[in-house]
Amino acid sequence: ESTQNTDELVFYTNGWDLYDKKYFPEGAESVPFLGNWEGNYPDFNGSVPPAKLYRTVIDLKKERLLDHSEVVPGLVMEFPTQDVLSPSILYCGAACTDGTSLPGVGICKIDVSKNTHDIWWAEHQIFTGETYSVAKQNGEKGSWLLTLLYDAGNERTSLGIFDSETFGDGPVGRVH
């Protein structure tokens, strides 16, 4: 994000609230990798902390943290990606809006310059992966957003293709 003040560094990162006593009762210094992950996959029934997207602002001159806050409070999301043509637009895999740690079942489009967001939720038993932004060709406006969609009911993975201009309408195509 660009700012008028060149002494400020603004960036967006994905992470956990290390001071959440529910997941880290002994404090930020006792953080295990991915919470309590035992077996082949994480246990999303309350032992893996929810991932949030944070906006961080640092005053480089004074070497001081000015802000570290959730971009969309309560929204659990992972894997932020910038739009290839519009760096103020981020895409993230979305899980839920109540702070519960779950696998991704949607995609969130965030315009950090306007402080707005839009979420597309996948159909039942569809899980989303990381997103990739690709510029459209031949002077077309916007970009394509690509993500893998796993259909647990049919046990298959598809490539979901979204148009950044009509993001909320869902994929314009799927390649199986």
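Against the list (1) closer than 17 Å to residue 76 by Cβ; (2) in a loop (DSSP other than H, G, I, E, B); (3) open to solvent by 50 Å² or more (accessible area, probe 1.4 Å), the condition residue 114 fails is (1). One residue stands out among those in the range 149-176 that are modelled with pLDDT of 95 or more and of a type in the set (A, V, I, L, M, F, W, C): the one that is surrounded by the fewest Cβ atoms within 10 Å (Cβ to Cβ), which is 175. Restricting attention to the range 55-82, which residues are at pLDDT 90 or above, open to solvent by 20 Å² or more (accessible area, probe 1.4 Å) and in a strand (DSSP E or B)? Within the range 55-82, 55, 58, 64, 65, 66, 67, 68, 69, 70, 80, 81, 82 meet the criteria. Residues in the range 86-96 that are buried (at least 16 other Cβ atoms within 10 Å of the Cβ) and either out of contact with any Asp or Glu (no Cβ under 6 Å at 6 or more places or on another chain) or hydrophobic (A, V, I, L, M, F, W, C) (or both): 89, 90, 91, 92, 94, 95, 96.
Just the residues that are touching an Asp or Glu at 6+ places or on another chain (Cβ under 7 Å), in contact (Cβ under 8 Å) with a residue 40 or more places away in the chain and either open to solvent by 80 Å² or more (accessible area, probe 1.4 Å) or in a strand (DSSP E or B) (or both), please, taken from the range 136-146. Matches in the range 136-146: 143 only. Residue count for the range 147-171, restricted to those that are part of a loop (DSSP other than H, G, I, E, B) and touching a strand residue (DSSP E or B) at 6+ places or on another chain (Cβ under 9 Å): 4.
The values are calculated or read from the model by the stated rules, or taken from the named source; none is laboratory data. Because the structure is predicted, anything quoted here is derived from the model rather than measured. Ideal geometry is used to build each Cβ from the backbone, glycine not excepted, and the neighbour counts take in all protein chains shown. The protein model used for the area step is the full one, side chains on, heavy atoms only, and it has no ligands, DNA or RNA in it. Shrake-Rupley method; radii C 1.70, N 1.55, O 1.52, S 1.80 Å.
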